[in-house]
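Rule-based calculations on the coordinates, nothing more; no lab input. Here the structure is a predicted model, which means the values were calculated and not measured. Note that we place each Cβ from the backbone using ideal geometry, even for glycine, and neighbour counts take in every protein chain shown.
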Amino acid sequence: MNHKHGKHVPNSEQSVGLMKRRDLLQNGSILLAMRFACALAPVALAAATPAAAQQAAPRPHIIYIVADDLGWKDVGFHGSDIKTPNIDKLAHEGARLEQFYVQPMCTPTRAALLTGRYPFRYGLQTLVIPTPSKYGMPTDEWLLPQALKEAGYRTEMIGKWHLGHADRKFWPRQRGFDYHYGSMVGEVDYYTHSSSKIRDWYRDDRPLKEEGYVTQLWGKDAVARISGHDAKTPLFLYLAFTAPHAPYQAPKDTIDRYKHIADPTRRTYAAMISSMDDEIGKIVATLEQKKMRENTLIVFMSDNGGNQSAMLSGDADVSKLKLPADNGPYRGGKGMLYEGGTRVAALANWPGRIKPGEVKEVMHVVDMFPTLAGLAGASGSKGKPLDGLNVWPTLSEGKPSPRQEVVYNIEPFRGAVRQGEWKLIWRTPLPSALELYNIAQDPYEKADVAEKHPEIVVRLQKRIEQLARESAKPMFLQDALGAIKGSAHGPPALPNEDAYFTQRN
């Protein structure tokens, strides 16, 4: 199979009424998938470059930090009133990645990161894995932690997994991580560590009971793992916060930092982000104390744009709240194929190895697999053909990106692809809709120019159709029970704890 890659660049104008109608149609497509799921019936193999070829540096420790539902503008380096001094310092002393793309929702983005492959290739492209569902990341996918572990890295994960929870074969320690501490499903209460009143809290596969605020517990554990790590062994630490995903909860003293914010939900949301930033500051300080900082690559990103839809908030009922995320000038948010759902706040920092500044070249989260594997001297070609490309020269020096195409997503009811400056969104539920944007001139997607450029529409439609033929069927749509119950957020289908302890003892 051949993938064409089109170069990305970063808009224009049109009627606000038309935008609102189309935004409603976008949300309607998602709702259609959720309510009627039962009724809906050129791979660029980027072999990882050996570390020696990437400027002959020692293999770095890698700290990969993911925020959850973070708005594009909800960081200081994008002009927010939310205080994120530690994230901002990493951003200003490293590369601020201003065209960094992810999938429009949580599970697909995490899958894309760990496989280096678009999730439509293995059935994880639609929505997320609902808590009552029993499917997960296919076990024949070769994951980044497996590649790094094989190359001699100590691989550790702290935080939210959301790539399969009902069977332990899907869990982090069965997928290449030496250590895991955290939760398996999409979100947990920040104090009870439960989802739908079922506790979802584990260390190394064993159910765990403890007290504390989730973000602080995970930050504290990351500090402890780094403090106890033998720096002679390269470390890959994947730290996946749930902040600032709903439910909106934060310690009172952190909330009190934002007394000037009138809206109580936005005030708590800001505190959640500040709490995450506090923990990131402690992690960086620990790296410095351990004399590991100079040889540590830190990557930070959100898993999708900030949420603007109550139906995509998971278990928490936020229907009566004004949702607090701010995606700045970008249109749409979580779950949508517009830039606000897929272009996220992101940075990369490695002292002396990454040139500080703004990087406007296009990258996609699938590119992280071959890029990190290359730095680690790991194989990027042991598994299935990658969609990711090695973007280290782009990441470190701002050189032109090899990425010429972004596939926003391919689903039975919608798809979007960008080649060069042209982006097509195609929604097929009747009445169907085609929208074309020139992202270089119109990054905020104000002016649909489909009628002016029919030849480009046809070309990109053919590309979407080709990718659709290559797609695996979405597991969400095949899992009728999960799709129906997932819409209503039933209890998580986690393995029975009593049976587990009986079996172990």
| said: I'd like the Karplus ³J(HN,Hα) series for region 144-160: coefficients 6.51, -1.76, 1.60, θ = phi - 60°, whole numbers in Hz, and an x wherever there's a Gly or Pro. | reply: 3, x, 5, 5, 5, 4, 4, 8, x, 7, 7, 10, 9, 10, 10, x, 7
| Cα convex hull of region 293-380: how many Å³ per residue? | 151 Å³
| message | For a quick check of your reading of the filter: which trypsin sites (Lys or Arg not before Pro) in region 149-256 sit in a DSSP loop and have no more than 12 other Cβ atoms within 10 Å? | response | K197, K209, K232
| said: Given the options I158, Q308, L148, identify the residue whose Cα lies farthest towards the positive end of the charge dipole of region 55-403 (+1 on Cβ of Lys, Arg; -1 on Cβ of Asp, Glu). | reply: L148
| For region 174-325, what is the convex hull (Cα atoms) projected area averaged across all directions, in square nanometres? | 10.3 nm²
| remark: Residues I425, I261, I273 in order from fewest to most other beta-carbon atoms within 10 Å are I261, I425, I273
| said: With the alpha-carbon atoms as the only input, what is the per residue convex hull volume for region 55-403 in Å³? | reply: 122 Å³
| query | Taking all pairs of different Cα atoms in region 203-278, averaging 1/r and flipping that mean, what Kirkwood radius in angstroms comes out? | reply | 14.2 Å
| Assigned charges on the beta-carbon of Lys, Arg, Asp, Glu; region 55-403 dipole about Cα centre (debye) | 440 debye
| Packing-based order for 308-316, 385-393, using average beta carbon neighbours within 10 Å, highest first | 385-393, 308-316
| task | Find the eigenvalues of the gyration tensor of the Cα atoms of region 108-161, then list the square roots of 5 times those eigenvalues as equivalent ellipsoid semi-axes, largest first, in whole angstrom. | result | 22, 13, 9
| query | If the cut-off is 15 Å between C-alpha atoms, which aspartates and glutamates fall inside it for K462, apart from same-chain ones fewer than 8 positions away? | reply | E405, E411, E435, E470
| query | Arranged from highest to lowest average of other beta-carbon atoms within 10 Å per residue, in what order do the peptides 240-251, 397-408, 317-328 appear? | reply | 240-251, 397-408, 317-328
| remark: Surrounding charge for G176, neighbours by C-beta under 13 angstrom, Lys/Arg +1, Asp/Glu -1, total +2
| query | aspartates and glutamates near K291 by alpha-carbon distance under 12 Å, same-chain residues fewer than 8 away left out - which ones? | reply | D230
| note | Taking N as the residue count of region 95-196, its alpha carbon Rg divided by 2.2 N^0.38 Å gives 1.09
| field | Rounded if a/c under 1.5, otherwise prolate or oblate - region 346-423, Cα gyration tensor axes | value | oblate
| field | Given K197/K252; K334/K360; K160/K197; K220/K355, the pairs whose alpha carbons are separated by over 19 Å | value | K197/K252; K334/K360; K220/K355
| note | Surrounding charge for I354, neighbours by C-beta under 14 angstrom, Lys/Arg +1, Asp/Glu -1, total +1
| Mind checking which aspartates and glutamates have their C-alpha under 18 Å from K209, skipping anything on the same chain fewer than 8 residues away? | E187, D189, D200, D221, E497, D498
| field | Neighbour-count ranking [beta-carbon atoms within 10 angstrom, fewest first] of I129, I87 | value | I87, I129
| field | Environment charge at T115 (Cβ cut-off 11 Å; Lys +1, Arg +1, Asp -1, Glu -1) | value | +2
| request: Can you tell me the relative contact order of region 55-403? Whole percent, Cα pairs under 8 Å, sequence separation 6 or more. | output: 30 percent
